[in-house]
1. Tally Lys/Arg at +1 and Asp/Glu at -1 over every other residue whose Cβ is under 14 Å from the Cβ of A:VAL46; what's the total?
2. Cut-off is 10 Å between beta-carbons; in what order do B:MET270, B:MET297 appear when sorted fewest neighbours first?
3. Please order B:GLU390, B:GLU80, A:GLU213 by the number of other Cβ within 10 Å, starting at the fewest.
4. Per q in 0.16, 0.23 Å⁻¹, report the Debye log10 I(q)/I(0) for segment A:246-337, using one uniform scatterer on each alpha carbon and no solvent.
5. Under 12 Å from the Cα of B:LYS84, which aspartates and glutamates turn up, not counting those fewer than eight places away in the same chain?
6. Tell me the trypsin sites (Lys or Arg not before Pro) within segment A:325-357 that lie in a loop according to DSSP and have at most 12 other beta-carbon atoms within 10 Å.
7. Looking at A:HIS362, A:HIS246, A:GLN314, which one has the Cα that reaches farthest to the positive end of the dipole of the protein assembly as shown (charges on Cβ: Lys, Arg +1; Asp, Glu -1)?
8. Find how many whole Å separate the alpha carbon centroid of segment B:206-254 from the alpha carbon centroid of segment A:157-231.
Amino acid sequence: MTKKPFEGVKIIQLCWAGVGVYTLNYLSHYGATTIRVETATRPDPVRLFAPFAPTNKEGEPVGLERSAFFSITHTAPEYGISLNFKQPEAIEIFKKLVAWADVVGEGFPTGVMDKLGLDYEGLRKVNPEIIMFRTCGYGHTGPMADQPGFGSILTAVTMMDTMVGYTDRPPVPPSTYYTDQLSPMYGSLAIMAALDYKRRTGKGQYIDHAQIEAGLNYMTPLILDYQANDRELALKGNKCDYAAPHGIYKCKGDDRWVAVAVMTDDEWRSFVKVIGSPDWSNDEKYATAAGRVENSDELDRRVEAWTTNYPPEQVQEMLQDAGVGAGLVANARDLDEDPQLKHYNFYRELDHPYMGKLHYYHPDPIKLSAAEADIRRPVLLGEHTDYICTDILGMTREEVDRLRQKGVFD
Amino acid sequence: MLSCYRILDLTDDRAFICGRALSDFGAEVIKIEKPGGDPARFRGPFYKDQADPEKNLTWFAFNSNKKGITLDIETAKGKEIFKKLVKTADAVLESFAPGYLDSLGLGYEDLSKINPGIVLTSMTGFGQEGPYRDYKDPDIVVRALGGLIYTAGYEDRPPLTVSYHHTHYLGAMNGAIGTMIALSHRALTGKGQHVEGITQQALDIVCSAEIEGPYALFGEIPTRHGRARAAVTLIDGSTFYNPLLWECKDGHIALNLLLNPTAAKNNLSMMDFIKQDGIDIGTFEHWAWEEKSWEDMSREQAEELMEILGKFFRNRTKDELLKLATENRFQLGPCNNAGDVLKYPQLLYRGFWKEIEHPELGKSLKYPGGAVMTTQGHVGIRHRAPLIGEHNDEIYQELGMSTGELKTMKEQKVI
């Protein structure tokens, strides 16, 4: 049996919402043994995010296991333990898990873990080699350390709500929680680098991941442009400064669109051939990129007069066959049916005890030639509490029962 | 942390950020560009708008920390030198069209024969295989097929892409992670492997929770609603889209409007501030915040609330609203631009911005600091990006080449 990349790595996952989960998924998909710690007394808000899979029985409460949002973001194999930290015995069990683990990942605002004595210093007393990964919106020091960090707000704070829009209207968000998916990549790299370092030196560490800071690392050219040229990013609609046609064009069908980007003069000549070399295309003003950019409003109308005759899939195929960039503006169904994603077995159907069979679970956007991502339905809250207590921590069944009576596993 | 690794970077501007991120954690990353300079150096923005390949700001941004050498890997001599370098390296990063390196005899199979431990990381829009393998993948096209354009924009206009072309960075950052996964695997198996970072799939992960959930459960296809991206259900069961972004006195802010009993305290206190500004809160004077949620609200009330909030925000500046938010834990934040982030108080407190010397410009520039802070050394930027061929002597001499040989190669335009 070939080993998995993170075989032997043990992780405690205490992450609410998106960032910490996306971060640790990369490790859990590739062989780490991960235990997710939760409590029903104060559930992860994402477990309460609509839409919910309908229940089978009338009047049955929705509960904590039916959120599509939760299930699609928790696709990694994990063990689940329920621990109510209001009970001192729960903290003791958690500390035993810390002693067992290589990595503890948590995603609460500063103060939550600290008040429980479970900050880095607290964990280090239990396990001096521990890697503690802490993610929050603004970092764990400074005047905003204890502020909750919602992705929709961090997207604004990291300049990412200033980059989609038309000149005559206010900008719109690129997606609702953009930094929630962009900042984890740096978090994951940090943990992998820390594990690599630990393997070679035996040393653990504390990682302070501020989503605002990770997010801004994607924006460096704009920040330099501002300093060097006193210039903020100008909204351009769907246009490009140095290429035309470049835009989103209407196609045949209801709300169907195609992206077309002619990036070079060669591509322009191929494009003209595909659209049947109409007379207007011979106009000198379209011969160069600069000319096409200058006359892009007029050009866009002409391109759209052509695209509107075809469904977007057909425009994509005709242009890509001729070596010109084009792609349909995919909606939820298009993604589900996309032949390229199918080739990579991206969206997969899995069964879930409460949600039934759903075709939307997916791996990371990575393919390795010698390792497979292990994709699973999300762990249920406290699904493996007994197993973890008895088999991993060596507690007796009597002790587990006694603690359950006290509400330690609520 | 990763200073034991040497990484050869053949990427173009779509994936510069991959090697940059690995170098932030200490890896030695050698950027290999064509003699005369990487094509991306010639497309702006430039320092002081001077169209000079040594003043390219995108180059500065994502090649800092790297060493830079020139090498034409299409020539026989260039290939030979590249193979020598591969022997000394742990990973090679590339973002060419699929099949290009194979055509040069420098594909994964070729490289692993020279160095079985080598990791080759390929970053593209759609992947090395499949029906889109040979597709052109400019930013807007990948973004469209990745599902991020359809839901962005206004109902009465075409959907919108980004004016800042950064989409491929998402695939490239996944390439960096894939490289680390492969290096971790190598520690157990002794063997390298071929890694792919795929932008289309990285985009799907950004939008899947928002759009694939409703589709898989109910066949619903979420579409675009301008700035009103947050969907809630009202008392009559209909969906109401409330704005994520709002106009304020000097720009825009983002608001995460939680409307349920757990947020009652915050919402009540926000209502007090609104009243202090002399704004009539109408029927919300008698709203039972401790008990009610969106699901208890009529459409008329929801619209009234939007009007009240709109008036309040237009009456206040970004700075005022940030201060109110921090002091009262309101879930809002300013839509910052570059000028704003450079003076954002939290970032100044944490010493986030790093002044990096550019001796050739006679100036230093502020760069974002590390994406994380750790107790095992500095993560993030250390020095400016390399000049064209800046480290040729250092790297080629290490390979045992004489100054004479270097001179000949320069004349033959190999380096």
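Bear in mind that the values in this text are calculations on the coordinates, not laboratory data. As the structure is a prediction and not an experimental result, all values here were calculated from the model. Cβ sites come from the backbone with ideal geometry, for glycine too, and all protein chains shown count toward neighbours.
1. Numbers: positive: A:ARG36, A:ARG42, A:ARG47, A:ARG66; negative: A:GLU38, A:ASP44, A:GLU65, A:ASP180, B:GLU210.
My count for the surroundings of A:VAL46 gives -1.
2. Details: B:MET270 24, B:MET297 21.
Final ranking by Cβ density, sparse to dense: B:MET297, B:MET270.
3. Details: B:GLU390 17, B:GLU80 11, A:GLU213 25.
Fewest-to-most ranking of B:GLU390, B:GLU80, A:GLU213: B:GLU80, B:GLU390, A:GLU213.
4. -0.61, -1.19
5. B:GLU398
6. Values: sites: A:ARG333, A:LYS342, A:ARG348, A:LYS357; in loops: A:LYS357.
Listed in order of number, the matching sites are A:LYS357.
7. Among A:HIS362, A:HIS246, A:GLN314, the one farthest towards the positive end of the dipole of the protein assembly as shown is A:HIS362.
8. What the calculation gives is 23 Å, centre to centre.
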